[in-house]
Structures are given as structure tokens and as C-alpha cells.
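Report on one structure; see the data block that follows.
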Amino acid sequence: MNMTGTGNGTVNGSDDLIFFVNGKKIVEKNADPEMNLLTYLRRKLHLTGTKLGCAEGGCGACTVMLSRYQTHTQQLIHHAVNACLAPLCSLHLVAVTTVEGIGSVARKLHPVQERIAKSHGSQCGFCTPGIVMSMYALLRTNPTPSMADMEEAFQGNLCRCTGYRPILEGYKTFTVEGGCCGGRGRDNGCCMTNGNAHEETSEENADSSSSLFNAADFEPFDPTQEVIFPPELMSLSKGQRSSSLCFHSDRVAWMQPDSLNEFLQLKWKHPEARIVTGNTEVGIEMKFKNMLYPVILAPTFIPELNAVTHTKDGVVFGAACTLSHMGAVLREAVATLPPHQTEVFLAVLEQLRWFAGQQIRNVAAVGGNIMTASPISDLNPVFMAAGCKLTLMDKDGSRVVQMDDKFFPGYRKTVLRPQEILLSVEIPYSKKSQFVSAFKQSPRREDDISIVTAAMSVTFTPGTDSVEDLKLSYGGMAPTTVLAKKTASKVLGRRWGEELLEEVCTSLAEEMTLDPSVPGGMVTYRRTLTLSLFYKFYLTVLQKLQQQGVGVEEVGSDCVSATEIYHPETPTSVQIYQAVPEGRSQDDVVGRPVMHLSAMKQATGEAVYCDDVPLYENELYLSLITSSKAHAHILSIDTAAAQSMPGVVSFLFADDIPGSNSTGPIAYDETVLADRQVTCVGHIIGAVVADTQLNAQRAAKAVKIQYEELQPIVTIQEAIAAQSFYQPIRTIQRGDLEAGFKQADHILEGEMHIGGQEHFYLETNVSLAVPRGEDGEMELFVSTQSAAKTQSLVAKALGVPANRVVVRVKRMGGGFGGKESRTTVLSTVVAVAANKLNRPVRCMLDRDEDMLITGGRHPFYGKYKVGFMNSGKVVALDVSYYSNTGNSMDLSLSIMERALFHMDNSYNVPNIRGRGSICRTNLPSNTAFRGFGGPQGMMIAESWMMDVAQSLGRPAEEVRRLNLYMQGDSTPFNQILDQFTVDRCWDECLARSDYEKRRAAIELYNRQNRWTKRGLAVIPTKFGISFTAVFLNQAGALVHIYTDGSVLLTHGGTEMGQGLHTKMVQVASRVLNVSSSKIHISETSTNTVPNTSPTAASASSDLNGAAVQNACEILAERLQPYRSKNPKGSWEDWVRAAYFDRVNLSANGFYKTPDLGYDFETNSGRAFNYFSYGVACSEVEIDCLTGAHKNLSTTIVMDVGHSLNPAIDIGQVEGGFMQGLGLFTLEELHYSPRGVLLTRGPGSYKIPAFGDIPTQLTVSLLRDAPHDKAIFASKAVGEPPLFLASSVFFAIKDAISAARAESGITGPFRLDSPASAERIRNACSDRFTKLCPPAESGTFIPWSVQV
């Protein structure tokens, strides 16, 4: 290799890698080709602001900005990328900007950081740095973006806490639509009213407020003040004579040739080498498929591979052109060329809109997309249908091939010879009589992997509707991208009309078949899509022929909506809450929308999460060894190969545990490490401890385990058949069932399955254990909701008393119940390793490990029999619940109890019986998740409620209203409902959502449209607040006042983004009557407040708030004499006086919820301290042909008493709602029939993204809500709002009913949750579904099963 220019050779034959990070020059002498930028930033440079969320480029937590000077255009290029996929070696002469580089709390925040914090767009804060950097990179490229630009920039970023609305709201102020109006007032008043000035209706009270932040407080944004591109890097870039580079490690050589010729020579010499441009595919293979590529060629900067040339036939793109660049070029072509020439370009652009996220499109190359040869590629069907020409080359010359069905001879194979490379792809102009469309159907619209993709091209004899050529290309229907040739050949020369449509559909149904066991499943849906998508194309072409004046059948006005291309509308929102009464002191912050205390630190990346704690000097890293079988005996474990791998220090198995190997949050029915038997895939068998994460993970994968397999029980139905249940089976019964059913005019039976849900906290489980070297002491830093439980289980495993173990929790990057009990499966193992080696040991699970091991929300199956009158009044209900518990009890009994406590939702059923069975299966133990069984219980209730309405043919909301509880009614568990507000919430929700008008508009819309339907639903919720285990309803607090007047507050709750610490400071500030700026909360730890309950059950503000109040009242009382003596003095004066008077300035507080204790045997006693109430109304639109849906509007009215902090509470309502939206419409866990989890990351498991927010979202906190059971008349808000998202599910069900009515089907029907695109499409029975009947169950082994 030539060593000229910047490639200065060093001893090992590696060149120097020169790049800049935040303006600082870095010369890396030994760049490791296998290291990514994220690891380098976090571990080598100790810049921990950039976070690891998924390691597959699917969540955006690791977003950074890369800038480089392009010599040929003499321009600076800035773009956002995923640091987790960016190879370190690709960064030669690049400037990297991380979140730390643009601002800090001490220096000054950048406006991008300040605005997300002040607009309440950061809750747990783990995703915040990535979102900040996506926005920052957008502003560096385009200082005045539109809302659409911003929404596109966020396609690759996920957030699990906020529900996205506040992030868009805060960042809208940077956009053309949201900038200052200069007092001229946009559509509805000055822009300062938050972009959503709420038109006050006359009857609304004047103290209603609808602004949670004031944009006038924001620092102005001045694009000229940005950090400059390093001048030294500019001169290096301009002065570099092009040179090739080479970087070596023990395993891999990375070669970056500088000319096409050298590249071809290298490929000839190393035909097996992988070519890497964006590393968005190879990076994933190396990480998740353990691929090792000894030679990597990086041709990113070879001019010929980046060239774009316009020819007479089309546009030729070099194979290394990024998808972003290709999109920009094609958009420009569409804007300048005559429309008939750009049909193919538009089809490519349509696919690019939904292709991954911006961070991936910025680096992924078009050539890589073709060569990966993915069967579900979004672009390859377009290239195939358009017959794109590909230029292939080796050192002896080039050849041109057309992309057709022969280009991909087999799964992930192309016709290229090993020595050949793909030089360029030509995308042709379309002809005047040619029409092209592209389609993509995926579970979520943005940044998602397709289920089926298609591209269709038809060419007519000019001036007629006679088909000259038809190409139908599909992805997702075979191991390769395919052309439906048989079908196409049948219709040549035929006229484009109804007959042709019939023939194509019948023929496609025969040609596009799938084996019923095909990977990816959804067989009926995929087959139906091939027809439905062709029908859309058929209608679109009819319309275009009509526009050209060709005489064809008219497209009926009711079918037009089937041809519309989806364009997202910018969401609008209103938030309404009761403002603090006039005249209250500014220092009293209770009830004000105070910003989250850590928001600023989170936005600058300075907030410290568990894995951000600096490395200890002799620290080691642990990686888990887990079972690959669902149920088996372990025959042998062979660590020989792993032992010899670099960096390995030790192994850990059951025999190494000094204390007890039995563990579990309530019953000790689990093991720390598996002992001779495994009971689920992901069961922890042992661990490897090594010097680095990479070495530990490699060694763990090299451990060989031999099993004797046993038959697993995977699904609820299998458990019922085998009678595999944990005891006890719970029952709640009231009234006389038999009499109730006798009295009923009608009786119906039904059933429903509710799928599970992965927590997907952005920060995976992480533990750091530091042995203290004496008396068996150990300190643990853990991301957990349950410090006390972690302490006791670690002590048990180590065989020491709990007073030797300290657990410290600063903050979590999200919890949602997933860190209530399951964190201990990791922390006990890490602690045992640290104890064995007497060195600090750390482990942060990768996303795929976390999803595999830690369990999620319980899948539920409900069967019901309901008796009701002609009026719709329900008089009797018999319901049975079954939950898929997994391989241990965990908290499943309490979860089932809560499901039974919520089986009535908000409806008064006089005669009722509920039974709950918890199924023992060979899945990882399922656990707490926001709602804790409540949502599953209420979901079944709403299912029978809708069945009743549909069987009577009455409006569902009328039947729901008729059955609602009233003040003073009693629940099935004999608790009287006082201060009941569901009826008030209901009426306000109908008024705010304009329900009657909406319903009428929907009926009209559905009459006018055949293939899109709208639906509407109103759903109430009543959620009991208290731990159902009485002893947990207690909390402690410890408050110190120091002599300088500062206050240190600690309490038993942990901060996971829900704003608990912020609320506790507000409470302390009011009780002590001192400014909140003087109060600090450092962390939650077991040595300050002992025996704490987990931060869960929505009760943490109630419990800890009352304990803080108690401690602060004691202190206020002690200070009172000094206040009276010196009324004009300052807080500091009083504190000092008390100190010199030897008064104790430290107090601990305690609280327990009074009068609780329900007994299942007698069905008596108070189960809950009180209830939180809410009602939501949602409208949706479904596409009956594809099953896709749009969330058009949602109105939520929530009773949270007197809110302690409306900004945080509305954030909880919106965040909970969006999580529920995921549960009920989007998120699906797929398990194989042998119990293997198939969805292990954001690539295959889809949580809601920015584009899933309802287009109109109104959240109103009920005003003047009476409440006296909790701190300062506030109410719990964490879990109650989640179930309101079922209003979207039932609106979808309403829309499906309208679609079924078109096919003459009426009455109740079963729709399981989630209402995925597949379930929606299959439920809308029509002429296309009839052509694709499902295979008979039992005749094949499915890819995944409903657990």
C-alpha cells in the first residue's frame, strides 16, 4: 500500500487515524477495525453523553453528528449518524460532534438542549442526547427547517417516556411554522401561546391554563454562532493527496483504497472480503450473527463510486452514493423534468420516505442495499420492476446486467462473481405511456422492516388502455425479490379493466403462494397484500389513464381514497389544567408546571446513569451464559474454548455462589444460576468475567452446553390443556349469578387474547458491584426500582447480613415496572462475581439479551359469558382470566389479583364472578409493567361491552354510559365509590371532542368510502391506587438541613423519569416554606432510607410525599421558635440560630396508608385507598386493503385531583397513553413453538414512534376534582392513563365493523390485541381475502405461536 499523504505508516503496518471530536484532534495509532465510534467515545474518551440503546441503529440514543469537508464540491457536509454502527476506521479526517460538544449546564446550553428541557420533552432523559443531536444536525444543514423536515429527522429516534408531543412542541419553535410571529399573530393569536392557543369557550373558567412553558423564555437561536469546523482539519482535508489507508487488528484488516483501480485489485486478491460503506448491514451481522470478516474493504471515497451522471436514458448513481444523497438528486429531477419521465423516480422516493431512519439513510449506500439481496428490501422491487441496469466490474473489465428475476439466484445471493464489484445503478426515465407505483407494508410506518414490499410498472400501447408490458415485483413473498411473470404474461394485449383485475387477482393468488411455516409468519396477510396492493395500483393507473384522456372505466368516488398516498399531517395539541390561584406566593411551587429537575443535565448528556459511572482501575466486565432451550436437563458445560480466549479472567456457575442459590421477589422459586435444569430460553446458567465487554461476550458465546431436551409448555392454551397452573386460583364473586342469567333477555359468550409487551426502557438492565474489601461489604450501583429488594437478594446470595450491602440508585433510563423485580437476576450474578474475584464488576445487558431474559407484560386470555337486557343493561357476568406467567411466580399473583379487581372497569354489574388462573410455562418469567394486570382486566370488560352493543345494534357509547357506576355504588370487592368522577370526565370528554358532530361526520365518510373506514370510541377507566400487598404501603424519608441553609432530601422512591424527585422537592419546599432551589436530592440508597417499597403501583408520590411532609413538618416545628423570634430574618438566619441553640436539624419521616386490607376469602376490607379516573375518546382511519391505520384524534380527560405539577402529570398521561397505544395496536412479541423469542430488538419489535401520535391530541386535567386521600389533594397518575389507549383499539374495531358491513357481515366478532395491520386486514373480509384462505391449523408448524 502506498504510504503517502496522511496515511503515515506505523510499526504494525497500521496507519494513523486522524479525526476530531468536539474540536479536539485525535491521532489513534492502533485503530481497531472492529471498534465502533460509540464504544470509543464512551470507553476511550470517557464521553458518556452518547448512549447505547440497542446496538443496531434502531433507537437513535447514540446519535452524533459527523462533519467532513468534500474536496470535489468544496462544501462542508454535516449529518446525523448512529455511533453504534459507525466504524471507528471510517472516521479518517472527520469531525465528530457529540452532545457534550454543543453545550453544558456550567458553560451554557445550546438552544436545542434548552428547549427540549424547558418544554418538558425529557423525562428519563436516556433518549434525550440522541434526539438533541438529530435536531442539532438538522439545524446545521438547514437553519430554518419546516415541521416536515423535523419529523423526518426524528424517524430514527425512539422515546419510551414522553409520548413525543412535548419534544415536537418545544422544537416547533425552530421551524418556519413555529418561529416567532413578531406579534402579527398566526391563525389563532400570538405564537407565544405555545403554538396551541386554546380558544376559551364561554363556560370555561378563567383559571384554566393551556400553556406548560413560555417560548419567550427561550434563548434565541443564532445559526452564525455554531461551533466552527476545525481549521486544522480543513487544511488537512484540502491538502491531502489522496492515499489509501490500512488498519489492522489481530482478527481484521480494514483497507480503504483511494482509487477504483486499487479497489478492483484488492477485490481480486481478496474475493471473500466484505465491502463496507455505511456498515448498517455488516455491523449488524458482526454483532448479532457472530460473523467475522478478516478483510474489510471501504471504498467510500472513490470518486467513480460516488458519481451521479444524467444520461439520455436516466440517472446513473455510483454504488457508494448514500440513500439521502440519492433522494436529494431524485427530488431535484422530479421538480425539473416533465412528469411522465419521473414515474420510477417517484416510486423510489416513495420507498425512501419510509426507509429506516435519517441516521441510517445518511450513511447507507444504494449499492449495499442491492448487494445485501434482502428478500424484504424496500428498493430492490422498484429497481426490478423498472428494469434498472447495473454495471459490474472486475480488474479485467465491466459488464452491464439488467436487474430482473435472474439477478438474485438464491437467498441473499446475487449473480456477481466473487472478484466483481457493483460500480453503478442506472435508474431509467419512464415512458409517456408507462405508470409505476411502489408500496411498502410494515407493522409501523416509520423506520420499520417490511412485511411485503411491491413495485408495479405497466406500459400501454400509446393512446390506448391495451397492456404492452406489465411487471409486478414483490419482496417478502419468497427468499428473494421476485417477479410475478406468469400473471403478467397472461394479460399482455388485454384492456385495463374489471376483467383484467379479476384475472390478475386469481392468478396472483395461485402464483404468490407461501409455505404455511414460512419465516415471518402472517401467511394469509402476506398473500392477501399481494392482491390488495395490485388493486391499489389498478385504481391508480385507471385514474392516470383518465387524466390522459384514454377512455376507461370511471373510478367510483367511493374508491378514490384507496389510491391516496399517505402524507402525515403535523400533529397539533392542547393541554388544559387548572392554574394556581392568584395571589399564591411564587415560592410555593406546588401545582405549577415546574421543569423536571434533571432535564437540563439530561439534555447536555451530563446526567449520570449507571453505566456512565467512570471505570474503576481494576474493573472487570461480566457477560451472561444463557440457555438456548426452553426446558431441558444440562448434561455438560464445556468452557475449554472460551478459557483460552483473550482477556478471560474467570467463569461463574451455581457452585460458585457463597450463600444461597435460591432467589425471587416473593417466593424463592428461582435460582441465581441454573442448577442442572433450565426452564426457559434465556435462563441464566453462568457468566464469564473478562477485561472488556467485547472479550466477555465473545467468550460467553464460545461456552458449549449439552442438553437433554424436555417437552416445553409455551402457550396459555398448552398450559390449560396440561393443567399447568401455579396456586392459588383467585375468585371474586358478588350477587347471584344464576338469578342474573335467568333475568337476562340475552346471553352471549366470547373470548379474547391480549398479547404481552416488552418494557423497552431505553436504558437496559445494568449493575456495577464494588467490593469494599472488609467484613463482606459491597456497594452496588444498579438501575432498579427496588433498592431494598436488590439489597436483600444480593445479601442472600453472598451469605452476608443486609447491613453489609449498600445499593445506590441515582436515576434510571426508564423502568415501567420492568426494573421492579427482574433487575435482581442480573445484580445478584454481578455481585457474586465481584465477591469471588474481589474486584469491581460491571454488566450492562445488550438490548437483545435484555429482551430475552427479563420478561415483560403478561399475555392474558379471557373467556366470558354475559347476560344483558334489551336496553343494554348488563345484569350478569362470568369471566375467567388466564395469564402466561412464565417459569417462576415473580409478582404474577398480585398481577392477577389486580386484573380481577378491574374486571368491571367502570361498569356496575350486579351479579358477577371473576376467576384468575396463573399459567406455569417455559417462558422467561413475566413481571410488573405499568398497569400491573389492570389493563388486561379492563380490556376484557370493554370487549364484552362492545359485543353487547353490537349484538343489540346499539351505539357502543350509549351502552357504556348506561352501565357506568354512580357515586356511592359498590364494586364487586365491596368497596364503596366515593368522590367518583367518571361521569364528569365522560361528559367533559364528549364535549371537548365534539362527539356527536364527529360521529355524524364519520358515518358520512364511511358511506362515501369503500376502502378506507373511520371509527370512533369512548372508553372510561377506574384504577385502584395502593399496593394490593398491604405491607408495601409504607414509605420513609430523611431530611438534613445544613448550617448554610441548604437542604438534603432523601426518600424511599427512585427516579426513572416520572419526576418523583421533582415532586418531592416541591412538597418539601412548601412544608419548609423555603425556595426549592435550596433543596437537593442526590440519590436513593439503602443506607439512608431502609426497607423501602419498590417505586411502583403509581403510589410513590402519595407514599414518599407524605413521608417527606412528615419529616419536613418535624423540622418546620423545630425551626418555628426561631422564625417567631426573628420574623424579618432569612431562612439562613433561622437555621443558624437553631444550630447554635443545638437543635437537631435532621429528621426522618414515615408514612403508612391507613385502613387497608382486603381478604379474598370473605370478599371484605378496603383493597384501595382511592381510585384515579379518566375517559378518552379516539378517532381512527383504517385502510381496509392493507390494515394500516392512522390515529386521527384523541381527547383525554383525566382526574388527577389537584396536580402537584401539571407539566409532569400531563407528561405521564401522554406517555402512558402512547405506551398503551403500543400495547393495543402495535407491539407484538413473537415466540417460536419451542419457546424462543424471535423479536429481540427495535428492528423486529416496534414501539410507537414520533409518527404514531394522534394528529390532534387534547389532554385536560379535570378541574375542581374532590380528593382528600393523598398529599396536597393530588392523585396518582403513573399507571391509570395507560388503559385509555384502548379507545384507539375500539375505534379500530368500530372502523372494521363498518368495513365488514360492506361485505354483509354484522354482529360481534373477535379481535385480539394488539390490533396489528395483519389483524385489521384479515378482519375486513372482502373479495381479496376470499382468494387467500388460511391453511388448516394442525397441518403445519407455525413460525410463531400466540403465547
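The values are calculated or read from the model by the stated rules, or taken from the named source; none is laboratory data. Given the structure is predicted, the values throughout are model-derived calculations rather than measurements. Positions of Cβ are backbone-derived with ideal geometry, glycine not excepted, and every protein chain shown enters the neighbour counts. When the accessible area is computed, the model is the full protein with side chains, heavy atoms only, and any ligands, DNA or RNA have been set aside. Shrake-Rupley method; radii C 1.70, N 1.55, O 1.52, S 1.80 Å.
Per residue Cα convex hull volume for segment 872-1024, in cubic angstrom?
144 Å³
Normalised by the number of residues in segment 319-393, what is the relative contact order in percent for Cα pairs under 8 Å and 6+ residues apart?
For segment 319-393, the relative contact order is 42 percent.
Show me, bin by bin at 10 Å from 0, the whole-percent P(r) of segment 1186-1341 based on Cα pairs.
9, 29, 29, 20, 9, 3, 0
I want to check the label-to-label distance for Met966 and Ala721. Put each point 7 Å from Cα in the C-beta direction and report it in nm to one decimal.
4.9 nm
Hey, can you grab everything whose amide H is under 5 Å from the amide H of Leu1038? Only 5+ residues off in sequence or another chain; H modelled, so Pro and N-termini drop out.
Under 5 Å from the amide H of Leu1038: Thr1050, His1051, Gly1149.
Restricting attention to the alpha-carbon atoms of segment 1137-1187, what are Rg (one decimal) and Dmax (integer), both in Å?
Here Rg and the maximum Cα pair distance are 26.2, 79 Å.
So for segment 1-156, considering every pair of alpha-carbon atoms, how many percent are separated by more than 19 Å?
Cα-Cα pairs of segment 1-156 separated by over 19 Å account for 56 percent.
Go ahead and estimate [θ] at 222 nm for the chain from helices alone: -39,500 (n - 2.57) per DSSP H run with n ≥ 4, summed, over the residue count, rounded to 500.
Computed mean residue ellipticity for the chain: -8500 deg cm²/dmol.
In nm², what is the average projected area of the convex hull enclosing the Cα atoms of segment 823-886?
Its Cα hull, projected and averaged over all orientations, spans 7.3 nm².
Projected onto the charge dipole of segment 1-132 (+1 at Lys/Arg Cβ, -1 at Asp/Glu Cβ, origin at the Cα centre), which of Pro111, Ile131, Ala55 gives the Cα projection farthest towards the positive end?
Pro111
Rounded, prolate or oblate: which fits segment 1181-1231, taking a ≥ b ≥ c as square roots of the Cα gyration tensor eigenvalues, rounded meaning a/c under 1.5, else prolate when a/b beats b/c? Write out the running numbers ahead of the final one.
Working: a/c = 4.18, a/b = 1.96, b/c = 2.13.
Since a/c reaches 1.5 but b/c is at least a/b, the shape of segment 1181-1231 is classed as oblate.
What distance in nm lies between label points placed 7 Å from Cα along the C-beta direction at Ala335 and Ser1146?
Roughly 6.7 nm, to one decimal.
Working from the alpha-carbon coordinates of segment 940-1073, get Rg over Rh, Rh being the Kirkwood radius. Don't skip to the answer; put the middle values down first.
Values: Rg = 23.4 Å, Rh = 20.0 Å.
Using Cα coordinates only, the ratio equals 1.17.
Using only the Cα atoms of segment 103-150, what do you get for the radius of gyration and for Dmax, in Å?
Every Cα atom of segment 103-150 included, Rg and Dmax give 11.1, 33 Å.
What ranking, highest mean first, results for peptides 54-63, 600-609 when packing means the other Cβ atoms within 10 Å averaged over each residue?
54-63, 600-609
If you count, for each residue, the other Cβ atoms within 10 Å and average over each peptide, how do 212-218, 989-995 line up from highest to lowest?
989-995, 212-218
What is the antiparallel percent of DSSP beta bridges lying wholly in the chain, to the nearest 5?
Taking every DSSP beta bridge within the chain, about 80 percent pair in antiparallel fashion.
How big is D for segment 377-530, in µm² s⁻¹ as a whole number, if Stokes-Einstein is applied with the Kirkwood radius of its Cα pairs at 10 °C and 1.306 mPa s?
Details: Rh = 16.8 Å.
Rounded to a whole number, D works out at 94 µm²/s.
In whole percent, how big is the carbon plus sulfur part of the accessible area of segment 260-385, probe 1.4 Å, protein atoms only?
Carbon with sulfur: 60 percent of the solvent-accessible area.
For segment 248-288, take N as its residue count and report Rg(C-alpha) divided by 2.2 N^0.38 Å.
Relative to the 2.2 N^0.38 Å estimate, segment 248-288 comes out at 1.27.
Relative contact order for the chain: what is it in percent, counting Cα pairs under 8 Å that are at least 6 residues apart?
Once normalised by length, the contact order is 11 percent.
Answer rounded, prolate or oblate for segment 1016-1080, using the Cα gyration tensor with square roots of eigenvalues a ≥ b ≥ c: rounded when a/c is under 1.5, else prolate when a/b is larger than b/c, else oblate.
Prolate shape, in that a/c is at least 1.5 and a/b is the bigger ratio.
Using modelled amide H (1.01 Å from N, peptide plane; none on Pro or chain starts), what sits under 5 Å from the amide H of Thr572, excluding residues fewer than 5 places away?
Gln1256, Leu1257
Name the residue farthest towards the positive end of the dipole of segment 651-804 from the options Tyr668, Gly755, Val770, assuming +1 on Cβ of Lys and Arg, -1 on Cβ of Asp and Glu, about the Cα centre.
Toward the positive end, the furthest listed residue is Val770.
If you count, for each residue, the other Cβ atoms within 10 Å and average over each peptide, how do 744-753, 635-644 line up from highest to lowest? Could you put the intermediate results ahead of the total?
Details: 744-753: 16.0, 635-644: 12.8.
Ranked by mean Cβ neighbours within 10 Å, highest first: 744-753, 635-644.
Would you mind checking the radius of gyration and Dmax of segment 931-979 based on alpha-carbon positions, in Å?
12.8, 34
May I ask which residue of Asn1006, Ser993, Gly1024 lies farthest towards the positive end of the charge dipole of segment 985-1038, with charges of +1 (Lys, Arg) and -1 (Asp, Glu) on Cβ and the Cα centre as origin?
Asn1006
Where a Cα-Cα gap under 22 Å defines reach, which lysines qualify for Lys536, not counting those fewer than 8 residues away within the same chain?
Answer for Lys536, where 22 Å is the Cα cut-off: Lys431, Lys432, Lys440, Lys471, Lys485, Lys486, Lys490, Lys544, Lys1013, Lys1190, Lys1330, listed by chain and number.
Can you give the FRET efficiency to the nearest 0.05 for Ala307 and Glu226, using r as the Cβ-Cβ distance and R₀ = 30 Å?
For R0 = 30 Å, the calculated efficiency reads 0.50.
Apply 1/(1 + (r/R0)^6) to the Cβ-Cβ distance of Tyr1139 and Glu1117, taking R0 = 22 Å, and write down the FRET efficiency to the nearest 0.05. Please report the intermediate quantities before stating the final value.
Values: r = 16 Å, r/R0 = 0.73.
Rounded to the nearest 0.05, the efficiency is 0.85.
Let's test this: bin the Cα-Cα distances of the chain at 10 Å from zero up to the farthest pair and state each bin's percent.
Going out from 0 Å in 10 Å bins, the chain shows 2, 9, 16, 22, 22, 17, 9, 3, 1, 0, 0 percent.
Would you mind getting me the FRET efficiency between Glu219 and Glu1083? Use the beta-carbon distance for r and R0 = 35 Å, nearest 0.05.
So the FRET efficiency works out to roughly 0.70.
May I ask for the percentage of alpha-carbon pairs in segment 1022-1152 that lie more than 20 Å from each other?
When all Cα pairs of segment 1022-1152 are counted, 43 percent exceed 20 Å.
Express the Stokes-Einstein translational diffusion coefficient of segment 505-636 in µm² s⁻¹, to the nearest whole number, given a Kirkwood radius over alpha-carbon pairs, 37 °C and a viscosity of 0.692 mPa s.
Estimated via Stokes-Einstein, D reaches 135 µm²/s.
Considering all alpha-carbon pairs of segment 813-856, what whole percent are spaced by more than 11 angstrom? Present the calculation step by step, with values, prior to reporting the outcome.
Values: 655 of 946 pairs.
For segment 813-856, the fraction of Cα-Cα distances above 11 Å is 69 percent.
Which of the three applies to segment 26-92, rounded, prolate or oblate, going by the alpha-carbon gyration tensor with a ≥ b ≥ c and a/c under 1.5 meaning rounded?
Cα axes put segment 26-92 in the oblate bin.
Taking 0.36 nm per residue of sequence separation and subtracting the Cα-Cα distance, how much length would be gained by fully extending the chain between Arg107 and Gln706, in nm to one decimal?
Gain on stretching Arg107 to Gln706: 209.9 nm.
Just want to confirm a number: the relative contact order over segment 972-1072, from Cα pairs under 8 angstrom separated by 6+ residues, in percent.
13 percent
Straight-line reach only, C-alpha to C-alpha below 29 angstrom: list the lysines that Lys395 could link to, leaving out same-chain residues fewer than 8 apart.
Lys267, Lys269, Lys312, Lys406, Lys413
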